[in-house]
1. What is the chain's relative contact order, in percent, from Cα pairs under 8 angstrom and six or more apart in sequence?
2. Could you report region 67-118's accessible area per residue, 1.4 Å probe, as an integer in Å²?
3. Only helical DSSP H runs with n ≥ 4 go in: add -39500 (n - 2.57) per run for the chain, normalise by residue count and round the 222 nm mean residue ellipticity to 500 deg cm²/dmol.
4. Just the number: Rg to Rh for the chain, Cα atoms, Kirkwood Rh, two decimals.
5. Largest first, what is the accessible-area ranking of Arg30, Arg92 with a 1.4 Å probe?
6. So how much accessible area does Ser108 have, in Å² to the nearest 10, using a 1.4 Å probe?
7. When the accessible area of the chain is computed with all protein chains present and a 1.4 Å probe, what percentage of it is carbon and sulfur?
8. Can you work out ³J(HN,Hα) from phi for every residue in region 84-93, in order, using Karplus 6.51 cos²θ - 1.76 cosθ + 1.60 and θ = phi - 60°, giving whole Hz and x for Gly and Pro?
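The values are calculated or read from the model by the stated rules, or taken from the named source; none is laboratory data. Because the structure is a prediction, the values reported are computed rather than measured. Here the Cβ positions follow ideal geometry from the backbone for every residue, glycine too, while neighbour counts run over all protein chains shown. Note: areas computed on protein heavy atoms with side chains; ligands, DNA, RNA excluded. Shrake-Rupley method; radii C 1.70, N 1.55, O 1.52, S 1.80 Å.
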Amino acid sequence: MTGREVRRFKRVLDDLRAELIHTLENSVDRLAISQSADPMDQMRDLSEQEMDSRSISLLTARLCRLEDALKAIDAGNFGLCASCDCEIPINRLKAIPWSLLCVRCQESADAAVAERDHVEKGARSGYAVAG
Ligand SMILES: [Zn+2]
């Protein structure tokens, strides 16, 4: 990848990061100010807060990945797979600028997560049957 391409990705990632932080701040503000005396409003606020806190953890996770990608740019290894060191195809980076793994490593990472989820779900339902 040329220096110009890296700089372009850095700009994209910086913009995404600023946008994410802005969205995060808004969600956190909403969580902080929603205090109502009306019980019906409180119920509604509660479910909204639940949604907000869920989206906050999703956004925070994405922010971490963006920052990792920006760190990789600073370290000069942006575009290299963090797992196998091969070059991540530029089209993949254009689609997902914060990807730190090549397609193959990402697939095996996803498979590992799916496997873990499967095991956890199995454990939970097994527990439900036993209880
Ligand atoms: Zn890889």
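1. Rounded, it is 23 percent for the chain.
2. 62
3. Rounded to the nearest 500, the figure is -27500 deg cm²/dmol.
4. Ratio value, two decimals: 1.12.
5. Arg30, Arg92
6. Roll a 1.4 Å probe over it and Ser108 shows about 70 Å².
7. Carbon and sulfur: 56 percent of the exposed surface of the chain.
8. So the Karplus estimates, Gly and Pro as x, are 10, 6, 7, 6, 7, x, 4, 5, 5, 5 Hz.
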